[in-house]
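K.L.:
Take a look at this one; I'll ask things after.
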Amino acid sequence: MEYYNETGEEAILVLLDGEKAYDRQDHKFMIQLLEHIGYDGFTLEAIKAMYNQVEARMILNGEMTDAITIEGGVRQGCPLSCYLYIIMVETLAERIRSNPKIVGVTEPETKTKTKVSLFADDTSGLLVGMKSVQELRKVIRTFEQATGAKLNDDKTFMIALGGMRKKIENLDLKSLGINFDFMPSEGNDTLEILLEMTSNKTKQWNKAYIN
């Protein structure tokens, strides 16, 4: 980020936020994906046993409800859930990497192109140009339809870097079909930007009643 702000080259950092990431994994897609990438034998059958024909019942007003079929989500607290989520979200990353219409940034030292960065359930796009952002949105929509995932537009932001900061005032994001909000970066300090984002999130806690 400092490099682009110092040199004035244009870039956009897209910080994606998945809505209830663990709860929205489609079981059918997950099993088909595991089969596609080569899982078989005991491992695959064990996962199928955990997620095929899952049902739940609730106690409502003292009475047990009828069985409800659970078709999505991975088990909270299960050590396998993190890996199942990573495998699923990697399909999104691969679609982004392989899409020629999405242009990534060039790392100044290695000169390699980088389009996407993944860490746990955090996904970031490192892009050049609004056309890349538009194409990223299309890829995400396809991913949502296939997997049951849902992007939280209200918590997804774009940070303008370098020369892009001067252009954002003239951009009409609605006409571009993009729901993300820009968070312009002032100055060259990455820590300052991250602190600002953290502060904005914590301020939202004041609106919630916590007992």
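K.L.:
If you go through the range 7-33 one residue at a time, how many are among the small types (Gly, Ala, Ser) and assigned to a strand (DSSP E or B)?
P.N.:
Within the range 7-33, residues that are among the small types (Gly, Ala, Ser) and assigned to a strand (DSSP E or B) number 2.
K.L.:
Hey, another quick one. May I ask you to say which residue of Phe119, Phe29 is aromatic (Phe, Trp, Tyr) and free of Cβ contacts under 8 Å to residues at least 24 places away in the same chain?
P.N.:
Phe119
K.L.:
Okay, moving on. With respect to Asn5, determine if the residue is polar (S, T, N, Q) and in contact with a Gly (Cβ under 7 Å, 6 or more places away or on another chain).
P.N.:
Criteria met by Asn5.
K.L.:
Also, quick follow-up: In the range 66-80, what residues are at pLDDT 85 or above, within 18 Å of Gln32 (Cβ to Cβ) and of a type outside the set (A, V, I, L, M, F, W, C)?
P.N.:
Within the range 66-80, no residue meets the criteria.
K.L.:
Ok, one more. Among the residues of the range 34-62, count how many are of a type in the set (Val, Ile, Thr) and either part of a helix (DSSP H, G or I) or open to solvent by less than 80 Å² (accessible area, probe 1.4 Å) (or both).
P.N.:
Count: 3.
K.L.:
Can you tell me which residues in the range 14-35 are at pLDDT 85 or above and acidic (Asp, Glu)?
P.N.:
If the condition is that a residue be at pLDDT 85 or above and acidic (Asp, Glu), then Asp26, Glu35 are the ones that fit.
K.L.:
Could I ask something else about it? Only one of (1) part of a helix (DSSP H, G or I); (2) out of contact with any Gly (no Cβ under 9 Å at 6 or more places or on another chain); (3) of a type in the set (Lys, Arg) fails for Arg97. Which number is that?
P.N.:
(2)
K.L.:
Shifting gears a bit: Which of the residues belonging to the range 63-87 are open to solvent by 40 Å² or more (accessible area, probe 1.4 Å), in a loop (DSSP other than H, G, I, E, B) and touching a residue at least 24 places away in the same chain (Cβ under 8 Å)?
P.N.:
Scanning the range 63-87 gives Glu71, Arg75, Gln76.
The rows are residues; the columns are (1) under 18 Å from Thr142 (Cα atoms); (2) of a type in the set (D, E, K, R); (3) in contact with a Ser or Thr (Cβ under 9 Å, 6 or more places away or on another chain).
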residue: Ile12; (1), (2), (3): no, no, yes
residue: Met30; (1), (2), (3): yes, no, yes
residue: Ala49; (1), (2), (3): no, no, no
residue: Glu63; (1), (2), (3): no, yes, no
residue: Ile68; (1), (2), (3): no, no, no
residue: Cys82; (1), (2), (3): no, no, no
residue: Glu94; (1), (2), (3): yes, yes, no
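The values are calculated or read from the model by the stated rules, or taken from the named source; none is laboratory data. Remember, it's a predicted structure, so these values are computed and weren't measured experimentally. Using ideal geometry, Cβ is built from the backbone for each residue, glycine included, and neighbour counts are taken over all protein chains shown. Just so you know, the surface numbers come from the protein's heavy atoms only, side chains and all, with ligands and any DNA or RNA stripped out. Shrake-Rupley method; radii C 1.70, N 1.55, O 1.52, S 1.80 Å.
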